[in-house]
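The values are calculated or read from the model by the stated rules, or taken from the named source; none is laboratory data. Computed from a predicted model, the values in this text were never measured in an experiment. Don't worry about glycine lacking a Cβ; one is built from the backbone with ideal geometry, like all the others, and counts go over all protein chains shown. Calculation scope for accessible area: heavy atoms of the full protein, side chains included, ligands and nucleic acids excluded. Shrake-Rupley method; radii C 1.70, N 1.55, O 1.52, S 1.80 Å.
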Amino acid sequence: MTPEAFSQRIDALESQIAGQCDVQQQQLVEQRELNRSLRRDMREVGSQLRRMHAEMEQPAAPQVVQACKTASENPIMDKTLLGRVEWVGFPDIGSYFKARIDTGANTSSLSARDITEFERDGDKWVKFKLALREDAKYFVPEVRDKWVEAKVSRTVTIVQASGREDRPVVSMLMTLGDIKQRVEFTLNDRRDLTYPVLLGRRFMMDIAAVDVSRTFINPRPEFPGSAPSTAAAKDQDPNEGNRD
């Protein structure tokens, strides 16, 4: 290689190396700019997170909710109105009865006699006859000596001056006006009282309201063998109010 060719080769190598350095320098500048952009984004995200955290720690201001006004503010408008005495029907028994509405009692009660416990399919059941006064005319006569069977829901203990008494509780289908549902009744002999059925507040909760100044607001249910229905005023027992 001549000195002139060697010099040209060296110049070419220097130019090539200088070009590579320029490319690397440009890449380094771009990388630094990208790093600065990422750091700015991270600082902005961190600032937003700190602001959100501070807002979450501050107690929320109480919100005032305006109650929706309906056509009527009367809370009993959607409930069945009951008098202090009503007609009730027992489809499974096939009869109607007079019932005293008692908001002071928790559980409802049905007058029963000859209560006999037995077992059916591993469950406790009872059979009984209705305990009805001889002079009463508030039921279908054919059911007076009818045996009624029902599954025992639970047993309650009644503490009285004469001692403690365990009473079975049964669930019976009952109708009263436009109400038709199963109601729990304790079984006990109520022949010394005016009404064979007592309805407690557990039955009435959320579905009924009571007007103690009235009786027989709702019509008497009809069953085969029923006597002709009379006006509500004539249905009232003259002893009503003297005995439960």
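Could you pull the accessible area for residue 151 with a 1.4 Å probe, rounded to 10 Å²?
My reading of the accessible area for residue 151 is about 100 Å².
Using 28 Å as the Cα-Cα cut-off, could you pick out the over-long pairs in 137/180; 79/137; 79/129? Intermediate values should be presented prior to the final figure.
On the way: 137/180 23 Å; 79/137 30 Å; 79/129 33 Å.
Beyond 28 Å: 79/137; 79/129.
Can you give the accessible area of residue 2 in Å² (nearest 10), computed on protein heavy atoms with a 1.4 Å probe?
Its heavy atoms expose roughly 80 Å² to the probe.
Just reorder 93, 217 by solvent-accessible area, largest first, 1.4 Å probe, all chains present.
Numbers: 93 5, 217 50 Å².
Heavy-atom accessible area, descending, gives 217, 93.
Within region 85-116, name every residue whose backbone N is under 20 Å away from a label modeled 7 Å from Cα of residue 189 along the Cβ vector.
Inside the label zone: 109-116.
At 1.4 Å probe size, what's the solvent-accessible area of residue 119? Round to the nearest 10 Å².
140
Can you figure out the FRET efficiency of residue 133 with residue 222, using R₀ = 22 Å and their beta-carbon distance, to the nearest 0.05? Intermediate results must be reported in sequence, preceding the final value.
Details: r = 22 Å, r/R0 = 1.01.
Calculated value: 0.50.
Once fully extended, how much extra length lies between residue 171 and residue 125, figured as 0.36 nm per residue of separation less the alpha-carbon to alpha-carbon distance? Present the calculation step by step, with values, prior to reporting the outcome.
Numbers: separation 46, 0.36 × 46 = 16.56 nm, distance 1.11 nm.
Contour length minus the Cα-Cα distance gives 15.5 nm.
Rank 188, 152, 177 by how far each Cα sits towards the positive end of the charge dipole of region 115-190 (+1 on Lys, Arg Cβ; -1 on Asp, Glu Cβ) and give me just the farthest.
So the residue furthest toward the plus end is 177.
Using a Förster distance of 30 angstrom, determine the FRET efficiency expected from the C-beta separation of residue 155 and residue 181, and round it to 0.05.
Numbers: r = 22 Å, r/R0 = 0.74.
Efficiency, rounded to the nearest 0.05: 0.85.
What do you reckon, how do 164, 133, 191 stack up by accessible area (1.4 Å probe), largest on top?
On the way: 164 180, 133 30, 191 100 Å².
The residues order as 164, 191, 133, largest area first.
Using a Förster distance of 45 angstrom, determine the FRET efficiency expected from the C-beta separation of residue 214 and residue 114, and round it to 0.05. Mind dumping the intermediate values first?
Details: r = 35 Å, r/R0 = 0.79.
FRET efficiency, residue 214 to residue 114: 0.80.
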